[in-house]
Amino acid sequence: MFLSVFDMFKVGVGPSSSHTMGPMVAGARFLDRLRQAPFRAHGLKAHLYGSLAFTGVGHATDRATVLGLAGFAPQTYDHEAAEAALARIRETGTVAPEGLPEMRFDMGHDLRFDFGAALPGHANGMVIEALDKQGDVILQETYYSVGGGFVLTADELAAGKDTDNGPPVPYPFKSAAEMMEMADRSGKTIAEMKRANEISRGGADNLDRGLARIWEVMNRCIDLGMEGEGILPGGLGVKRRARRIHEQLVAERGMNQSAPHVCNDWMSVYAMAVNEQNAAGGQVVTAPTNGAAGVVPAVIRYWLDHVPGATRARIPDFLLTAAAIGGLVKYNASISGAEAGCQAEVGSAAAMAAAGLAAVMGGTPAQIENAAEIALEHHLGMTCDPVKGLVQVPCIERNGLGAIKAVSAASLAIRGDGTHLVPLDAVIETMRQTGQDMHEKYKETSLGGLAVNVPNC
């Protein structure tokens, strides 16, 4: 099993990796099929099912689907160009992606939300169709947005193509137990094994440049979030808070009057800054999803700004270790809130961040695995119940608390010798089973929990 660090950390656009980035990617993939088809399409339709339908408007799924069919992609997303394209599509009722003829697409008629049964493969399903001049379907594909921006066709999902089928890597672990055994046998750290795997596929230069880019976007997202003001879009009236909290913390610095627990506020403000940017549709890095995008960068920034001895030179080790843990969770369970609740999103992010922090603080592989286990274990059962289907409440604050748990988990693990009762593999399997048993109304449908007990307007 091999999932690249760049699979776990993708530069994209908010507010959701599964509901915004995924549908945009699906649209782009369908356009590629059309470009290779021997016939000409005159129109397009898109049908959204399951969680994509129930929380689609709040997660900007409708907008992302249209933009994907217009030729936009998350990694190169330009907000001003997207706004101009949407205005043109609304006015003309057509899309004109590069390399294809203009095609009919009426946003009010050709984009359909189906609130019935979800498609069989995953809670996040969609069907895209190409039509001929008479309106008959000439090409159809089913896509599943399986979390973290990963998109699979129905055939790919059935064939298990979400697992790795590339050339062998030096350290092919698919469980934490295998990872630990390889670390013990080789004498290498988790980051060193992950680096060797990445270099075997993409080369050292690509890896180093890519990791630098990931941190650059993460760090800039924190800074922009701490500068932002105003009300977040969507109608809930949620006010941005990161800037004011940060200003208060800076003003208190050096006064020797702050309580020790104020360090928690620093972790929270970094995470909230990211997720306020995400909620506003800004550029973020999936870590492993957009809904949990604040946890990993917040812990890195906290470590850099507040922990003696921290150095930017160790950030690659943090990211590589975190990606190794995230890959285990995705492969053996899920990182999708629509599939397993928020334990799969913020829980996974906290496990990744805890492992990364333990690594750069000098933890052994056993202590790193313990840190990830503690963080994920204490998110088990967490539901996904976004109010009004927006990635705002409880998501923004939840990232702050996820960062705090991650730092606490790493600290506890470092103070031990790595010996612990519950292995990480057992917690990951427990998370999978818990998600499987969790009622659908608590899995990103906004049909239960806070979503129905808090006024939506």
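The values are calculated or read from the model by the stated rules, or taken from the named source; none is laboratory data. Since the structure is predicted, the reported quantities are computational estimates derived from the model, not experimental observations. Using ideal geometry, Cβ is built from the backbone for each residue, glycine included, and neighbour counts are taken over all protein chains shown. The protein model used for the area step is the full one, side chains on, heavy atoms only, and it has no ligands, DNA or RNA in it. Shrake-Rupley method; radii C 1.70, N 1.55, O 1.52, S 1.80 Å.
Mind jotting down the three principal axis lengths of the stretch 126-208 based on Cα atoms? Whole angstrom, largest first.
So the three principal-axis extents are 65, 30, 21 Å.
What are the ³J(HN,Hα) values, in whole Hz, obtained from phi via the Karplus relation 6.51 cos²θ - 1.76 cosθ + 1.60 with θ = phi - 60°, for each residue of the stretch 216-231 in sequence order, with x given for Gly and Pro?
Here the 3J(HN,Hα) series is 4, 5, 4, 5, 5, 5, 4, 4, 5, x, 7, 9, x, 9, x, 9 Hz.
What distance in nm lies between label points placed 7 Å from Cα along the C-beta direction at Ala159 and Glu227?
4.6 nm
Starting from the Cα of Lys133, draw a straight line to each of the lysines and keep only those under 29 Å, dropping any in the same chain fewer than 8 residues away.
Straight-distance partners of Lys133: Lys45.
Run the quick spin-label model on Gln433 and Ser411: label points 7 Å from Cα toward the beta carbon, then report their separation in nm to one decimal.
It works out to 3.2 nm between the two label points.
Relative contact order for the chain using alpha-carbon pairs under 8 Å, separation at least 6, rounded to a whole percent?
18 percent
How big is the antiparallel share of DSSP beta bridges in the chain, given as a percent to the nearest 5?
Around 80 percent of the beta bridges assigned by DSSP in the chain are antiparallel ones.
For a 21 Å ceiling on Cα separation, which of these pairs sit above it: Lys174/Lys330; Lys188/Lys405; Lys388/Lys443; Lys330/Lys443; Lys239/Lys405?
Lys188/Lys405; Lys239/Lys405
How far apart, in nanometres, would the label points at Thr311 and Gln134 be if each is projected 7 angstrom from Cα along the Cα-to-Cβ direction?
About 7.2 nm separates the two model spin labels.
Report, in degrees rounded to the nearest 10, the 0 to 90 angle that the Cα long axis of helix 190-202 makes with the longest principal axis of the chain.
40 degrees
Against the longest principal axis of the chain, how steep is helix 424-437, in degrees 0 to 90 to the nearest 10, with axes from Cα atoms?
The answer is roughly 40 degrees.
How large, in percent, is the carbon and sulfur part of the accessible surface of the chain at a probe radius of 1.4 Å?
Heavy-atom surface of the chain belonging to carbon and sulfur, 1.4 Å probe: 51 percent.
Residues of the stretch 344-364 with backbone nitrogen within less than 20 Å of a virtual label 7 Å along the Cα-to-Cβ line of Cys263, please, listed as ranges.
Residues passing the 20 Å test: 350-364.
Given the chain, what whole percent of its Cα pairs are spread farther than 36 Å?
More than 36 Å apart: 26 percent of the Cα pairs in the chain.
Quickly estimate the mean residue ellipticity at 222 nm for the chain, helices only: each DSSP H run with n ≥ 4 gives -39500 (n - 2.57), and the total goes over all residues, rounded to 500.
-15500 deg cm²/dmol
In degrees from 0 to 90, rounded to the nearest 10, what is the angle of the helix 365-377 Cα long axis to the longest principal axis of the chain?
Compared with the principal axis, the helix lies near 60 degrees.
Show the residues, 5+ positions off or on another chain, whose built amide H is closer than 5 Å to the amide H of Val284.
So Val284 has HN proximity to Gly12, Val13, Gly14.
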